[in-house]
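Q: One structure coming up, written as structure tokens, with questions to follow.
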Amino acid sequence: MTQETGGFAAFNLNPNILAAVIATGYEEPSAIQQQSIPIIMAGQDMIGQAQTGTGKTAAFALPILHCIDPAKREPQALILAPTRELALQVATAFETYAKQMPGVTVVAVYGGAPMGPQLKAIRNGAQIVVATPGRLCDHLRRDEKVLSTVNHLVLDEADEMLKLGFMDDLEVIFKALPPTRQTVLFSATLPQSIRAIAERHLRDPQHVKIQTKTQTVTAIEQAHLLVHADQKTSAVLSLLEVEDFDALIMFVRTKQATLDLASALEAKGYKAAALNGDIAQNQRERVIDSLKDGRLDIVVATDVAARGLDVPRITHVFNVDMPYDPESYVHRIGRTGRAGREGRALLLVTPRERRMLQVIERVTGQKVAEVRLPDAQAVLDARIKKLTNSLAPLVADAESTHGELLDRLTADIGCTPRALAAALLRKATNGQALTLAAIEKERPLVPNSAPRGDRPERSGDRPDRGDRERRAPVPLAEGRARCRTALGARDGIAAKNLLGAILNEGGLAREAIGRIQVRDSFSLVELPEDGLEKLLTKLKDTRVAGKQLKLRRYRED
Ligand code: AMP
């Protein structure tokens, strides 16, 4: 075991869980993990205030796995998540951490998939059930005893569950669980409604909140870019094209990610290396020395491995994976801007991590401006600038050394000097795209900005004032289609009910759903154009507030 896993080893988790954590490449527990794991392992109730990106899933998954008995083939832990997307993510995380625990099975229970196999998996002895509240209630209606053996309950993103209108379902679920169970609640915010739930359903809960001291950041220009998780590498490669850097450090979360990203960079010709907790001390020193003297330009590191790294040449920090907390963000970006020099820090943010960005902005008291990926023109300009810079110094005496050769070659080939210079350029640039059209073709499919309008409008929650303004046609975002249902406010519908139903039954990511407008006798929802027909078929039998949704494409003209 490497020294860096000492942090996880200190919890005394079941050795099979520890082995899986090490295999996953985690080097040390995040702050929320550090505090929550012992409390949950001890069987206590807990309220954790943490958002996505802090490592909260492992903060409850590891101790819950530790507490279950693999020999008992019955549901022992129930995790409730607001959406199908999150339920699947949490279930996958459990599977990863339980990889070396024979006999442990996890079932994800959500709408939009047939109920039979889900119920069968539960009855067949899955110890961990990860569910969305709506679908779980459907199961309870079929079999009210299905949760009677659960002795650990986790509410993940409790505030989101309430926003999506799951309060009544939660109450049904609480009633179906043994009163002696352990209850753990995670929520990014703690509004009164969440406190009320905690008061009614948690016993003497411990509170865990990551303390955030105000941090100062100076002389560092900060920016963020919205990307989807699977497009980070291509985003990094695009950014590198236009950033004028000397040396650069990139932060990622796992050892594997250091290796993957460093080799992607090397493949593109960058002088890059990985730095992680598995790398021996002498090798680590070699990497740092190489970064200092310019044999390397980019180091891809985990937080642990970058500890104490001080290289004045570093002009840029890329936070490719989100840090767990603002302190760590400030720490990371402090690697640049050394010795009074200007530095630049870029943070990649996935749509789900936006809240973490807000926390960072609040704690540092600074706005982290949004930047977009460079467009093809910017990439072209940057490539030509680099080429110009590399050729300009060679021009001065080239004619005296190679002029005669040029005359001879043009005569032998029978071409103009311009044609020969062009051929030499083609050779020197080694197939690099150097026209707009060629660059556009090779560009990654990263959206310039992740969809902004993904927060559904909750107009349905408000009284219908100012209706006239809201009736003005709203331009549709590209790639979106407007759909209509005959259900409206008079049917007791609010925007959150529509959102909850579509997310869970349609299996969409939250980002995929645009504006929701609830009128008295109908509602409009913006959905992705891509795959719309399939989605509408999937939602064919969906009911909201007891009535058929019957969503149809809506054409304004
Ligand atoms: P979460 O906040 O639970 O959504 O986790 C965010 C990401 O951090 C996930 O991709 C996890 O796999 C990763 N992660 C969680 N804990 C650690 C850790 N201790 N070290 C490295 N990565 C982690």
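The values are calculated or read from the model by the stated rules, or taken from the named source; none is laboratory data. No experiment lies behind these values; they were computed from the predicted model shown. All Cβ positions, glycine included, derive from the backbone under ideal geometry; neighbour counts span all protein chains shown.
Q: Filter the range 210-232 for residues that are at pLDDT 90 or above and touching a helix residue (DSSP H, G or I) at 6+ places or on another chain (Cβ under 9 Å); which is nearest to Gly43 (Cα to Cα)?
A: Here the residue is Ala229.
Q: In the range 87-102, what count of residues is obtained for those that are within 12 Å of Ile128 (Cα to Cα), among the polar types (S, T, N, Q) and away from the ligand (no atom under 13 Å from the Cβ)?
A: Of the residues in the range 87-102, 0 are within 12 Å of Ile128 (Cα to Cα), among the polar types (S, T, N, Q) and away from the ligand (no atom under 13 Å from the Cβ).
Q: So is Thr105 within 13 Å of the ligand (Cβ to nearest atom), at pLDDT 95 or above, under 23 Å from Asn504 (Cα atoms) and not assigned by TED's automatic domain parsing to the domain that holds Ala512 or not? Walk me through how you get there before you give the answer.
A: On the way: within 13 Å of the ligand (Cβ to nearest atom): no; at pLDDT 95 or above: yes; under 23 Å from Asn504 (Cα atoms): yes; not assigned by TED's automatic domain parsing to the domain that holds Ala512: yes.
No; evaluated as a whole, the condition is false for this residue.
Q: When the residues of the range 11-37 are narrowed to those that are in a loop (DSSP other than H, G, I, E, B), within 12 Å of the ligand (Cβ to nearest atom) and surrounded by fewer than 20 Cβ atoms within 10 Å (Cβ to Cβ), which ends up farthest from the chain's Cα centre (by Cα)? Walk me through how you get there before you give the answer.
A: Initial filter on the range 11-37 (in a loop (DSSP other than H, G, I, E, B)): 11-14, 25-30.
Next, from what is left, pick out any that are within 12 Å of the ligand (Cβ to nearest atom): 11, 25-30.
Keeping just the survivors that are surrounded by fewer than 20 Cβ atoms within 10 Å (Cβ to Cβ) gives 11, 25, 28.
Values: Phe11: 27, Gly25: 17, Glu28: 19 Å.
Selected residue: Phe11.
Q: Scan the helices (runs of 4 or more DSSP H) fully inside the range 140-246 and keep the ones with 3 or more residues being of a type in the set (S, T, N, Q). Talk me through it step by step, then tell me what you get.
A: On the way: elements: 158-163, 167-176, 192-201, 232-242.
In the range 140-246, 232-242 are the helices (runs of 4 or more DSSP H) which contain 3 or more residues that are of a type in the set (S, T, N, Q).
Q: Read through the list (1) within 30 Å of Ser36 (Cβ to Cβ); (2) more than 16 Å from the ligand (Cβ to nearest atom); (3) in the same structural domain as Thr364 (by TED's automatic domain parsing); (4) surrounded by fewer than 21 Cβ atoms within 10 Å (Cβ to Cβ), then give the number of the only condition that Thr254 fails.
A: Only one criterion is unmet by Thr254, namely (2).
Q: Just name the residue that is farthest from Arg543 (Cα to Cα) out of those in the range 508-527 that are outside any strand (DSSP E or B) and of a type outside the set (A, V, I, L, M).
A: Step one: list which residues in the range 508-527 are outside any strand (DSSP E or B), which gives 508-515, 519-522.
From the residues that got through so far, the ones that are of a type outside the set (A, V, I, L, M) too are 510-511, 514-515, 519-522.
Details: Arg510: 19, Glu511: 22, Gly514: 20, Arg515: 20, Arg519: 18, Asp520: 18, Ser521: 16, Phe522: 15 Å.
The residue in question is Glu511.
Q: Counting just the residues of the range 74-132 that are surrounded by fewer than 23 Cβ atoms within 10 Å (Cβ to Cβ), among the hydroxyl-bearing types (Ser, Thr, Tyr) and within 20 Å of the chain's Cα centre (by Cα), which one comes out nearest to Leu18 (Cα to Cα)?
A: So the residue we want is Thr96.
Q: Restricting the search to the range 41-64, which residues are touching a strand residue (DSSP E or B) at 6+ places or on another chain (Cβ under 8 Å), more than 14 Å from the ligand (Cβ to nearest atom) and of a type outside the set (D, E, K, R)?
A: Once the filter is applied, which keeps residues that are touching a strand residue (DSSP E or B) at 6+ places or on another chain (Cβ under 8 Å), more than 14 Å from the ligand (Cβ to nearest atom) and of a type outside the set (D, E, K, R), the range 41-64 yields Gly43, Gln44, Met46, Ile47.
Rundown of residues vs (1) closer than 18 Å to Leu225 by Cβ; (2) in contact (Cβ under 8 Å) with a residue 40 or more places away in the chain, yes/no style:
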position: Asn319; (1), (2): yes, yes
position: Met322; (1), (2): yes, yes
position: Asp325; (1), (2): no, yes
position: Thr336; (1), (2): yes, yes
position: Glu342; (1), (2): no, yes
position: Thr350; (1), (2): yes, yes
position: Thr364; (1), (2): yes, yes
position: Val371; (1), (2): yes, yes
position: Gly414; (1), (2): no, no
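Q: Could you tell me whether the range 79-102 includes any residue that is in contact with a His (Cβ under 7 Å, 6 or more places away or on another chain) and in the same structural domain as Pro179 (by TED's automatic domain parsing)?
A: Here is the first cut: in the range 79-102, the residues in contact with a His (Cβ under 7 Å, 6 or more places away or on another chain) are none.
No: zero hits.
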